[in-house]
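Asker: This is the structure I want to talk about, given as structure tokens.
The values are calculated or read from the model by the stated rules, or taken from the named source; none is laboratory data. In this text the structure is predicted, and so the values were computed from the model without any measurement. Cβ sites come from the backbone with ideal geometry, for glycine too, and all protein chains shown count toward neighbours. Quick note on the areas: whole protein, heavy atoms, side chains included, nothing else; ligands and nucleic acids left out. Shrake-Rupley method; radii C 1.70, N 1.55, O 1.52, S 1.80 Å.
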Number of protein chains: 2
Amino acid sequence: MTDTVTIQHGNGGREMHDLIHACIAPAIANAHTRFPLDSAQIHSGNLRCLFTTDSHVIDPLFFPGGDIGKLAVSGTANDILVAGGKPCYMSLALILEEGFALADLRRILQSVREEADRAGVLVVTGYTKVVEKGKGDKVYINTACLGTPMFDPLPHFNRIADSDRIIMTGSIADHGVAVMIQREGLTVEADIRSDAAALSPVMDALSAQGVVPHFMTDPTRGGVAAACNEIVEATDLGIVLLQDKLVIQPQVDVVCELLGLDPLVIPSEGRAILIVAAEDADKTLTALRDVAMARDAAIIGRVSKKQAKRVILETTAGTHVRVPMPYGVNLPRIC
Amino acid sequence: MTDTVTIQHGNGGREMHDLIHACIAPAIANAHTRFPLDSAQIHSGNLRCLFTTDSHVIDPLFFPGGDIGKLAVSGTANDILVAGGKPCYMSLALILEEGFALADLRRILQSVREEADRAGVLVVTGYTKVVEKGKGDKVYINTACLGTPMFDPLPHFNRIADSDRIIMTGSIADHGVAVMIQREGLTVEADIRSDAAALSPVMDALSAQGVVPHFMTDPTRGGVAAACNEIVEATDLGIVLLQDKLVIQPQVDVVCELLGLDPLVIPSEGRAILIVAAEDADKTLTALRDVAMARDAAIIGRVSKKQAKRVILETTAGTHVRVPMPYGVNLPRIC
């Protein structure tokens, strides 16, 4: 480990996990922390809720399909949603850089409000700080969120079992590719939009169908590769992904090819990975396909005891390839 | 109003209030927001709690009496405490700048842990983001906090009444002056230390004595002047402060004189302003003086219906001077 912070420490992959596990977690851990889970589960006296926080920094602030305001609400709401909670109350803390245009701030706050309405969450408290020019990047937004349990029991690593099915609620890598195109000023004919959105309709549909997922996560930083590797590291199980079942929009696939990027490590911001009992898989797909944002839902793999601690990609050619926890330069910095 | 963010927008004074009231509040306000209160009160179903957020940016990171880690815990815990809650659960979100020394990060996390232990709060969830060099300032820390009600009824602007007494739990301006000396590299013989600390022992003492304050606030950004002006703006009452009752440590007073600063606008980070019924004032002082961090507690003024919407300083010379909401260059940027 280096002795200073590097960009790789924020990549969602190996280096970030090492920093968190070697430096941050030991310093603050207590009986309530649930590394590597993103949210805390509070059950004490008459306080029963889920609690999480996310800081959002993104360049550019505005991109096809969203902006930092939408992301700040949906990203944090999604951490509660994939933990099995209904996001209810949110805080909004802004770090504004001197010189930032107030018109852009207003546009972003409008997005915050719209996405909060869509997610059914209320922004109830806030905070504003200003830093000198050159000490920020226009605006950083932290949101913390409180939710109430929606599934019983709540999803957890320890409920994942051999032969469970892995369902992805839609196409992968759209968010990361949309942001990268905008940031690098690439000229792309295709209409590639970020998938950023709160997963509330997805969870409502599952709940209405009586599906109780064993585990859920959202493949943000580090993409599907990081999300799946976190699961196998936290359990004694493995994961087999089926390449021909992964949904990648053709135009996204083309850009990834062009830039030499692996879609498996590119973030989504409006997708969930669901792990459900094999016998629940069809019911889950039926529920999902009625929801606009999940109409491309597919079973993309299965849990395998035999592959303990490994994520394996079964390729269209029939070969088996190890998918490692992404690291270093393989990971473009997107969110 | 300008069309870009200026440093004054973060000063805790007039410009910040204008930004929040003209731009931020209208965009996100709903039935649950309680401007200008720092924390939300949630009472819905079986969820009853207080919720707040603060982003902490400070230069230098380390100063006599504390560091950004201590401040991140105590500052946010204090928002819950002055709202009448017991801080219970906290989130910790870091924005790290590329190149920041991990040894400093470890030192800061150690402070987080120590202050959390002192405040009786558990850090239960976290988040880490890294930004490129030149897009941050070593480390920014956001903490959000959940608390449970400790006083019944909870303190609120609308409980403040004519002739209530205003009690300050200790000396003013220590934090701001300590940070300024360190930042400007001033050579000062005197030992001036930040007062930063969670107010938990103060609130425990009040609660044990059965004192139920009408209102509480902590004079952080913008100092006592901003805190008192927020009160008169939110009510139809006024405040009379007694200059000879304000406790200013001699060495702090000297530095303020030297730098031409008004101690009334300099932040404290471990003090509270309590507004209590006149008949509760003695009982309150007795309770406070048993607590180490509040041994200099004093009645510094009273609520006055006659002075509606004004903060007045009754000087040692017997004159009455208006204390305005601080603004612009009068306000050194400290926290």
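Asker: Could you pull the copy-to-copy label distances for B:A22, with points set 7 Å along Cα to Cβ, in nm to one decimal and sorted shortest first?
Answerer: 5.0
Asker: For the protein assembly as shown, what is the mean residue ellipticity at 222 nm derived from helices alone (per DSSP H run of n ≥ 4: -39500 (n - 2.57); sum divided by total residues; nearest 500 deg cm²/dmol)?
Answerer: -8500 deg cm²/dmol
Asker: Give the average, rounded to an integer, of partner chain Cβ atoms located within 10 angstrom of each Cβ in B:60-71.
Answerer: Per residue, the number of nearby Cβ atoms from other chains is 0 on average.
Asker: I've got another one for you. Cα convex hull of region B:241-312: how many Å³ per residue?
Answerer: Measuring per residue, one finds 112 Å³ for the Cα hull of region B:241-312.
Asker: Let me ask you something else. Please list the non-local residues whose amide H lies under 5 Å from the amide H of A:I239, H modeled 1.01 Å from N, same-chain partners needing a gap of 5 or more.
Answerer: Those qualifying (amide H under 5 Å, at least 5 residues apart or on another chain) are A:S304, A:R310, A:V311, A:I312.
Asker: Keeping all protein chains in place, calculate the accessible area per residue for region B:165-305 (probe 1.4 angstrom), answer in Å².
Answerer: 37 Å²
Asker: Show me the ranking of peptides B:130-142, A:137-149 by mean Cβ neighbours inside 10 Å, starting with the highest.
Answerer: Averaged packing, sorted descending, gives the order A:137-149, B:130-142.
Asker: A further question follows. Would you give the gap between the C-alpha center of region B:122-146 and the C-alpha center of region A:236-261, rounded to a whole Å?
Answerer: If we compute the Cα centre of each part, the gap is 31 Å.
Asker: Please list 3J(HN,Hα) in residue order for region B:255-271, calculated via the Karplus relation 6.51 cos²θ - 1.76 cosθ + 1.60 where θ = phi - 60°; whole Hz, with x for glycine and proline.
Answerer: So the J values, rounded to whole Hz, are 5, 4, 4, 4, 8, x, 9, 8, x, 5, 9, 8, x, 10, 10, x, 10.
Asker: What do you get for Rg/Rh over the protein assembly as shown if you use C-alpha atoms and the Kirkwood form of Rh?
Answerer: Rg divided by Rh gives 1.00.
Asker: Skip the ligands, DNA and RNA, and give the accessible area per residue of region B:1-103 with a 1.4 Å probe, whole Å².
Answerer: With all protein chains present, region B:1-103 gives 28 Å² per residue.
Asker: Sorted from largest to smallest, which semi-axis lengths in Å does the alpha carbon gyration tensor of region A:157-322 give for its equivalent ellipsoid, taking the root of 5 times each eigenvalue?
Answerer: Semi-axes (√(5λ), whole Å): 26, 20, 13.
Asker: For B:A173, which sequence-distant residues (separation of 5 or more, or a different chain) have an amide H within less than 5 Å of its own amide H, given hydrogens modelled in the peptide plane?
Answerer: Answer set, sorted by chain and number: B:S268.
Asker: OK, next. Given H placed 1.01 Å from N in the peptide plane, which residues other than close sequence neighbours of A:I42 have an amide H under 5 Å from its amide H?
Answerer: Close amide H contacts, sequence-distant or interchain: A:C49, A:L50, A:F51.
Asker: Starting from a label point 7 Å past Cα on the Cβ side, list the distances from B:N46 to the same position in the other copies, nm, shortest first.
Answerer: 1.1
Asker: Next question, about the same structure. From the backbone phi of region A:300-312, what are the Karplus-calculated ³J(HN,Hα) couplings (6.51 cos²θ - 1.76 cosθ + 1.60, θ = phi - 60°) in whole Hz, Gly and Pro given as x?
Answerer: Once rounded to whole Hz, the list reads 9, x, 8, 7, 9, 5, 4, 8, 2, 6, 10, 10, 10.
Asker: Run the label-point distances for B:Q251 please: 7 Å along Cα to Cβ, every other copy, nanometres, shortest first.
Answerer: 6.6
Asker: What number comes out for the charge environment of B:S44, summing +1 per Lys or Arg and -1 per Asp or Glu over other residues with Cβ under 14 Å away?
Answerer: +3
Asker: Net charge within 10 Å of A:K135 by Cβ-Cβ distance, Lys/Arg positive one each and Asp/Glu negative one each, not counting A:K135 itself?
Answerer: -4
Asker: Give the B-A buried accessible area in Å², both sides summed, 1.4 Å probe, nearest 100.
Answerer: Roughly 7000 Å².
Asker: Here's something else I'd like to know. Using square roots of five times the C-alpha gyration tensor eigenvalues, list the equivalent-ellipsoid semi-axes of region B:1-132 in whole Å, biggest first.
Answerer: 26, 23, 14
Asker: Let me ask something additional. With the Cα gyration tensor of region A:245-285 in hand, give its eigenvalues times 5 under a square root as the equivalent ellipsoid semi-axes, listed largest first in whole angstrom.
Answerer: 28, 11, 9
Asker: A further question on this structure: In whole percent, what relative contact order does chain B give with Cα contacts below 8 Å and a gap of six or more residues?
Answerer: For chain B, the relative contact order is 23 percent.
Asker: May I have the pair-distance distribution P(r) for chain B, computed from all Cα-Cα distances with 20 Å bins from 0 and rounded to whole percent?
Answerer: For chain B, the pair-distance distribution reads 31, 62, 7.
Asker: Quantify, in whole percent, the carbon and sulfur part of the accessible surface of the protein assembly as shown (1.4 Å probe; protein heavy atoms only).
Answerer: 47 percent
Asker: Now for a separate question. Go through region B:282-297 residue by residue and turn each phi into a ³J(HN,Hα) via Karplus (6.51, -1.76, 1.60, θ = phi - 60°); whole Hz please, and just put x for glycine and proline.
Answerer: Whole-Hz 3J(HN,Hα) from phi for region B:282-297: 5, 4, 5, 4, 4, 4, 5, 6, 7, 9, 3, 6, 10, 5, 9, 4.
Asker: How much net charge surrounds A:S268 when only other residues with a Cβ under 13 Å from its Cβ are counted (Lys, Arg +1; Asp, Glu -1)?
Answerer: Result for the local shell: -2.
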